[in-house]
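The values are calculated or read from the model by the stated rules, or taken from the named source; none is laboratory data. Since the structure is predicted, the reported quantities are computational estimates derived from the model, not experimental observations. As a convention, Cβ positions derive from the backbone with ideal geometry for all residues, glycine included, and neighbour counts pool all protein chains shown. The accessibility values were calculated without ligands, DNA or RNA, using every heavy atom of the protein model including side chains. Shrake-Rupley method; radii C 1.70, N 1.55, O 1.52, S 1.80 Å.
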Amino acid sequence: MTTQSNTAPSHAAMNQFHAEANQLIVAGMPLERLAARVGQTPFYAYDRGAIHSRIAELRSALPDTVKLHFAMKANPMPALVGFMAGLVDGIDVASGGELKIALDAGTNPQEISFAGPGKQDSELRKAVAAGILINIESFREIDVLAEISNELKLPARVAVRVNPDFELKGSGMKMGGGPKQFGVDAEQVPELLARIGERGLSFEGFHLFAGSQNLKAESICEAQQKSYELALALAQHAPSPVLFLNLGGGFGIPYFPGEQRLDLSSIGENLKQLADRAKLEFPQASLVIELGRYLVGEAGIYVTKILDRKISRGQTYLIVDGGLNHHLSASGNFGQIIRKNYPVTIGNRMNSTDDEIVSVVGPLCTPLDILADRMRLPAARPGDLVVIFQSGAYGASASPQGFLGHPGVIEILI
Ligand SMILES: *Cc1c(COP(=O)(O)O)cnc(C)c1O
């Protein structure tokens, strides 16, 4: 929909949405009407239909026996988590707060898992009482859980989060391999498993998560295969059979110019082979993959209104009413090394042929508050609506909303 210049690579087509009579259409509603319905800008809108089709597409590419979990830190909006609970097989939480939202959403506790490097004793207690699966990430957690389990007279259901001895190649954010605060190093896992048995915890499986935001299917397949092999080797030390084998996720979405959507077919093939092996090698286990941004990222937009337009020494600035305070990722300050533009458009001038190179900046008094840096966009003026695509994950909850004291952002699920 937008390109940076005629020679630069372009963004992937944002064809999860379409336009009519200049308006971006979101869940059947023209953008200006949607903005009126919300009653304010800026806002995030998440399209149920787009999430639904993404999950359907994924289900048809993956073997039926592979369970699909939603990693809710990507988007913890309670209404959205409630919607997801009806579409996925389970939810992965990373705090006591997320656990509450997942339980409120009606998720079966059997299919909720809890990971995170710094779990508080109070969070572990809630988790045991709820009956969810806890991904153990240290020796200390075993002792705390054994005490809680005795006190509550309830089993502590645990899986071991393994810090693998390999990395996810081409991953935007590595979360395994080398020294890491996540999980327990593969070489320490046999001892950890023995301790789990001694302390009488209920061992249910392994969790391996190598990294995030990967657009290379071959790397994802390789990581899943290596994770499977590692789990198979470690299972020999387990006190009881493996019931869950969580192979992680890491499926990326195209954010930046030149990036393309992931090819699911080879990932589906690879998982099918692993699922076939698992029937023999892990006869009691469900294979699980956990995805955050891939499920919801492309279904969300951030909408912010142009307040002002000015030219500084030849460069045109559109100044909008929200910025990095609501959307840190689009400003390039959430895990990016070199700032690149998200796909952006003017949502009420979709069919305009009059375009220009502009920078879209937020209202904050910091030069970091950039939403689009010298991008070719339809010519726009104050009152028009800037839309940032690929905003359904790591948006509102991953942004410093208190910074500079502007009003918070509204989120809607439509
Ligand atoms: C963050 C996280 C995810 C989700 O990552 P995405 O890139 O959003 O898919 C999955 N599993 C674990 C353990 C995580 O920490």
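A few comments on the model shown:
- Spin-label zone in segment 88-120 - amide nitrogen under 14 Å from a point set 7 Å from the Cα of GLN181 along the C-beta vector: 116-120
- Taking a ≥ b ≥ c as the square roots of the eigenvalues of the alpha carbon gyration tensor, segment 56-170 is oblate, as a/c is not under 1.5 and a/b does not beat b/c.
- Dipole of the chain [Lys/Arg +1, Asp/Glu -1 at C-beta], most positive-end residue of ALA285, VAL66, PRO42: PRO42
- Relative to the compact-globule estimate of 2.2 N^0.38 Å, the Cα radius of gyration of segment 13-85 comes out at 1.33.
- GLU137, GLU356, ranked by accessible area, largest first (probe 1.4 Å): GLU356, GLU137
- Length added when fully stretched, LYS100-THR366, from 0.36 nm per residue minus Cα-Cα: 92.2 nm
- Set the Cα radius of gyration of segment 227-281 against 2.2 N^0.38 Å, with N its number of residues, and you get 1.51.
- Theoretical ellipticity at 222 nm over the chain - DSSP helices of four or more residues, -39500 (n - 2.57) apiece, nearest 500: -8500 deg cm²/dmol
- Working value for segment 306-395: equivalent-ellipsoid semi-axes of 20, 15, 12 Å, each the square root of 5 times a Cα gyration tensor eigenvalue, largest first.
- Förster radius 41 Å - calculated FRET efficiency between ALA233 and ASP308 (Cβ-Cβ, nearest 0.05): 0.10
- Normalised contact order of the chain, rounded percent, pairs of Cα under 8 Å and 6 or more residues apart: 21 percent
- Checked against a 27 Å cut-off, the cross-linked pairs LYS100/LYS153; LYS100/LYS226; LYS216/LYS272; LYS119/LYS180; LYS67/LYS216; LYS119/LYS216 give Cα-Cα distances beyond that limit for LYS100/LYS226; LYS119/LYS216.
- Kirkwood Rh and Cα Rg combined as Rg over Rh, evaluated for segment 76-291: 0.96
- Net length gained if the chain between GLN188 and ILE337 were fully extended (0.36 nm per residue, minus Cα distance): 50.4 nm
- Relative contact order for segment 76-291, counting Cα pairs under 8 Å that sit 6 or more residues apart, in percent: 15 percent
- Percent of beta bridges antiparallel (DSSP, the chain, rounded to nearest 5): 45 percent
- Annotation for GLU198 and ASN15: the two label points, set 7 Å from Cα along the Cα-Cβ direction, are 5.9 nm apart.
- GLN40 versus ARG59: modelled label distance in nm, points set 7 Å from Cα along the beta carbon direction: 3.6 nm
- Sequence-separation-based contact order of segment 9-148, relative, with Cα cut under 8 Å and 6+ spacing, percent: 14 percent
- Here, the chain has an Rg and a Dmax of 22.6, 71 Å when only alpha carbons are counted.
- Gained length - GLN110 relative to GLU147, 0.36 nm times residue gap less alpha-carbon distance: 11.2 nm
- Computed from point charges on the beta carbon alone (+1 for Lys and Arg, -1 for Asp and Glu), the dipole magnitude for the chain about its Cα centre is near 780 Debye.
- Dipole orientation for segment 76-291: of the candidates GLY197, VAL158, GLY178, VAL158 has the Cα lying most toward the positive pole (charges on Cβ; Lys, Arg +1; Asp, Glu -1).
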